[in-house]
1. Out of the residues in segment 409-435 that are buried (at least 17 other Cβ atoms within 10 Å of the Cβ) and not hydrophobic (A, V, I, L, M, F, W, C), which is nearest to L372 (Cα to Cα)?
2. From F173, F268, F222, F181, grab the single residue that is out of contact with any strand residue (DSSP E or B) (no Cβ under 8 Å at 6 or more places or on another chain) and of a type in the set (F, W, Y).
3. Of the conditions (1) out of contact with any Pro (no Cβ under 8 Å at 6 or more places or on another chain); (2) open to solvent by less than 40 Å² (accessible area, probe 1.4 Å), K195 satisfies every one except a single condition; which number is it?
4. Within segment 436-448, which residues are surrounded by 21 or more Cβ atoms within 10 Å (Cβ to Cβ) and over 14 Å from E477 (Cβ atoms)?
5. Answer with yes or no whether R454 is open to solvent by 10 Å² or more (accessible area, probe 1.4 Å), of a type in the set (D, E, K, R), assigned to a helix (DSSP H, G or I) and touching a Leu at 6+ places or on another chain (Cβ under 7 Å).
6. Out of the residues in segment 142-178 that are over 26 Å from T297 (Cβ atoms) and among the acidic types (D, E), which is surrounded by the fewest Cβ atoms within 10 Å (Cβ to Cβ)?
7. Listed residues E523, E529, E552, E508; which is in contact with a His (Cβ under 6 Å, 6 or more places away or on another chain) and open to solvent by 70 Å² or more (accessible area, probe 1.4 Å)?
8. Test each condition in (1) buried (at least 18 other Cβ atoms within 10 Å of the Cβ); (2) within 30 Å of the chain's Cα centre (by Cα); (3) in contact (Cβ under 8 Å) with a residue 40 or more places away in the chain for L388 and report the one that comes out false.
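The values are calculated or read from the model by the stated rules, or taken from the named source; none is laboratory data. If you're wondering where the values come from, they're calculated on a predicted model, not measured in any experiment. Reconstructed Cβ throughout: ideal geometry from the backbone, glycine too, with neighbour counts over all protein chains shown. With ligands, DNA and RNA removed, areas are computed over all heavy atoms of the protein, side chains included. Shrake-Rupley method; radii C 1.70, N 1.55, O 1.52, S 1.80 Å.
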Amino acid sequence: MTDDHAAATAILAATDTAYALTDEHGRVLWVNPAMAALLGLGAAQAVGRDLTALLAGSPDEPTTADPATDPASDSATDPATDTAMGAVVPMPGPDGYRWLEVRCTEAGDGTLLYRAVDVTHWRARELEAGGLAARQDELLRLVDEDPLTKLPNRRALTRELERQLALGARGAFLLLDLDHFKDVNDLHGHPTGDKVMCVLASLLRDRIGSRQVLGRLSGDEFAAVLPGTDERAAVAVADRLRDAIANVPLTGLAGAGRITVSIGIAPFDSGVSWQEVLANADMALYASKAAGRNRATVYEQGHYQDTALRVTVIERVRAALKHGGFALHAMPMVKLTSGRVIGHELLLRLEDGREPTLGPGEFLLAAERSDLVCEIDRWVAGKAIETLVEHPYPGLRFNVNVSGRTLEDEDFGDFVLDRLTAAGVAPGRLGFEITETAAVTNLDAARSLAQQLRASGCRITLDDFGSGFGSFVHLKELPITGLKIDGEFIHGIDYGSRDTVLVQGLVEIARGLGLSVVAEWVERASQVEALSRLGVRVAQGFHLGKPEPLAELLARPQGTWMRRPTLMQDLQTLET
């Protein structure tokens with residue numbers, strides 16, 4: 001250390017002005033006693049921590065003026081009004097909030113020098129001049145407080161988590177996400193949704209310990225910092241919060257059911273960053289969602305691997321959309337009385353030549369967590385229409401699947417109809433399948449899309465019907481043309497099980513509403529006989545015809561597309 005450097009360090013250590021030296025990412029390398037006191041930490045505790053989290057609102061890059069080399073800058077400009085020279089941020093402390101003017105300058109070798117000056121008296125003068133002095137406390141609260149629930153906001157939670165990490169505390173971070181809360185807003189409006197959100201926030205606050213901090217991150221996400229809490233105790237807290245939410249009576253909110261919450265738990269200690277803790281909690285939360293929601297999951301290393309795989313899958317999906325890595329397979333829908341094919345359901349396959357091979361259940365689940373699934377649905381619909389143009393045979397008809405996310409895409413219906421009109425394709429040659437779960441979850445969106453497409457002549461089928469019998473009440477509200485019975489009810493249809501009674505009821509309801517019925521997952525000849533006795537006229541499944549690449553189907557002579565496919569017992573006969 002040079003004499004000049006040592007002298008400068010001594011001066012900075014002795015001054016009442018707070019100074020900190022960080023790397024280019026804001027990680028603290030050194031603080032003087034004044035900065036350590038400002039942060040409420042020891043100098044050693046501050047080293048390695050994120051200064052922009054501890055001093056929330058501070059600039060993360062150098063500001064225009066250099067107070068260390070330009071002494072005139074202090075007297076030439078009022079720091080309470082000239083934010084170009086720094087950021088004026090409020091900082092909570094034992095005696096309440098105070099206003100700090102934080103400046104950042106380059107210090108050489110990729111380091112940054114931060115200086116924080118108390119400008120509370122300047123700020124008070126500015127607010128008084130603007131007639132806002134009486135509202136200063138309110139303005140200060142808004143900086144760290146969620147305006148709806150009055151809970152700490154993301155900024156305050158991040159600061160508290162980083163402070164606990166700096167203090168060397170062990171604990172746990174809880175990330176809570178309300179399941180399907182969007183339904184409350186969609187069915188009853190945002191004012192009602194806000195009221196419910198405030199009730200839930202109050203409920204959670206009452207069940208959090210005095211040393212624990214609960215806040216609202218955004219939308220329907222809450223979080224809690226639990227210092228001094230081990231994994232077992234954190235799980236107990238999470239279960240207590242989860243049970244409290246699940247038992248909230250939603251009196252007067254018809255159709256909303258009950259609200260549940262999924263929780264991710266991330267244990268922490270001083271050796272990690274707040275970003276890592278939050279990321280771990282998010283991965284655990286995703287695991288809770290994937291496992292069926294309404295549960296709490298503690299972060300494990302495997303969650304990181306799952307997330308890494310999911311990111312890789314999303315990258316492959318994005319590349320497949322861009323470079324032609326997707327292919328369509330066609331599964332025949334067969335009229336049971338004649339064995340004739342009346343149409344094909346188009347199934348998406350990822351054929352990008354990369355390992356490991358991914359099935360639809362793997363890549364579509366990842367895509368549904370992003371907007372990529374909407375792009376996929378448009379790609380499938382577009383390819384289906386292009387194929388119908390290239391093969392104008394009237395008997396060639398396709399059904400394509402629509403995801404729950406696409407139901408929320410207000411432009412999807414226009415996209416389809418514009419493509420059909422431009423191509424000159426009869427809308428009746430194209431059908432859309434919406435799962436019962438997606439339709440009930442997004443009832444208004446499903447109704448709107450179904451009305452638009454059906455009015456133009458497209459077929460609309462409610463897929464996987466019967467998986468939730470509560471949806472019967474919505475059948476009369478959805479302008480659909482047919483039902484596809486959930487395959488779970490077909491498994492034992494030929495064994496005289498209760499499935500027979502249930503399917504018979506579904507068929508009678510469909511007939512009463514003038515809807516067509518398709519059975520799926522037909523794997524045996526005895527199932528065909530049982531379904532025929534119950535009045536089911538159309539079915540699909542490996543017994544009636546396996547999916548095959550669409551290109552191979554269309555490569556055969558035109559008239560063979562609609563012929564009765566080779567049945568499984570026929571294949572077995574040929575093999576022997």
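1. Once the filter is applied, the top-ranked residue is D409.
2. Details: F173 fails: out of contact with any strand residue (DSSP E or B) (no Cβ under 8 Å at 6 or more places or on another chain); F268 fails: out of contact with any strand residue (DSSP E or B) (no Cβ under 8 Å at 6 or more places or on another chain); F222 fails: out of contact with any strand residue (DSSP E or B) (no Cβ under 8 Å at 6 or more places or on another chain).
Among F173, F268, F222, F181, only F181 is out of contact with any strand residue (DSSP E or B) (no Cβ under 8 Å at 6 or more places or on another chain) and of a type in the set (F, W, Y).
3. K195 satisfies every listed condition except (2).
4. Residue satisfying the conditions is A438 alone.
5. no
6. E145
7. Criteria check complete, one pass: E523.
8. All conditions are met except number (2).
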